[in-house]
Amino acid sequence: MTIVPLDRQRLLRALAARRRYRYVRPRIVPHEDGWRIVSPNCSRNIDPQGGDIDIALLLHLDDGRWRVHSRDHVQGRWVPRGDFGSLAGALEPIMADPWREFWP
C-alpha cells in the first residue's frame with residue numbers, strides 16, 4: 001500500500017480539533033503502510049521530561065480499511081483498537097479518547 005501525502009494533511013487538520021491536549025503539536029510520521037502520531041508527553045505520565053511519545057499508529061490495509069493502534073507504553077507494544085472504513089472513522093477514537101487509550 002502506498003502512503004498518500006494528502007492523508008498526512010488530513011491527519012494534521014483533524015488533530016487540531018481533538019479534545020485532549022489541544023495545546024501540544026503532534027507530529028505525523030510515515031510508518032510502513034500508514035502513519036504514526038507522535039506528541040510531546042505534556043502530562044509527563046510516560047516521560048517525566050515531557051519528551052515525544054507514540055500516541056497512535058494508523059495502518060492502511062490492502063482492502064482499503066484503516067487499522068488503529070494505541071501504544072501500551074508499559075509493555076512497549078502497539079495494541080489494535082479497531083478497523084475502520086475511512087480515515088475519518090479511524091480518527092474518531094483518537095480525537096475523543098474518553099478512556100485515555102491514546103493520549104495518556
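Worth pointing out:
- The angle between the Cα long axis of helix 87-96 and the longest principal axis of the Cα atoms of the chain comes to about 20 degrees, rounded to the nearest 10.
- Solvent exposure of the chain amounts to 58 Å² per residue of accessible area, where only protein heavy atoms count and the probe is 1.4 Å.
- Exposure of Phe84 as accessible area (Å², to 10), given a probe of 1.4 Å and all protein chains: 50
- Residues with amide H under 5 Å from that of Asp52, placed H, sequence gap 5 or more: Asn41
- Inter-label distance, Val4 to His31: 2.0 nm, where each label sits 7 Å from its Cα along the C-beta direction.
- Rounded tilt (10° steps) of 5-15 against the dominant C-alpha axis of the chain: 40
- Simple label model, 7 Å out from Cα along Cβ direction - Leu12 to Asp83, nm: 3.1
- A 1.4 Å probe over all protein chains sorts Ile46, Ile28 by accessible area into Ile46, Ile28, starting with the largest.
- Protein accessible area in the chain, 1.4 Å probe - carbon and sulfur %: 49
- Taking every DSSP helix (H) stretch of at least 4 residues in the chain, weighting each as -39,500 (n - 2.57) and dividing the sum by the residue count yields a mean residue ellipticity at 222 nm of -6000 deg cm²/dmol.
- Heavy-atom SASA rank of Val4, Val38 (probe 1.4 Å, accessible area, largest first): Val4, Val38
The values are calculated or read from the model by the stated rules, or taken from the named source; none is laboratory data. Everything numeric here is computed off the predicted structure, so don't read it as measured data. Positions of Cβ are generated from backbone atoms using ideal geometry, with glycine treated the same way; all protein chains shown enter the neighbour counts. Side chains included, ligands, DNA and RNA excluded: accessible areas come from the protein's heavy atoms. Shrake-Rupley method; radii C 1.70, N 1.55, O 1.52, S 1.80 Å.
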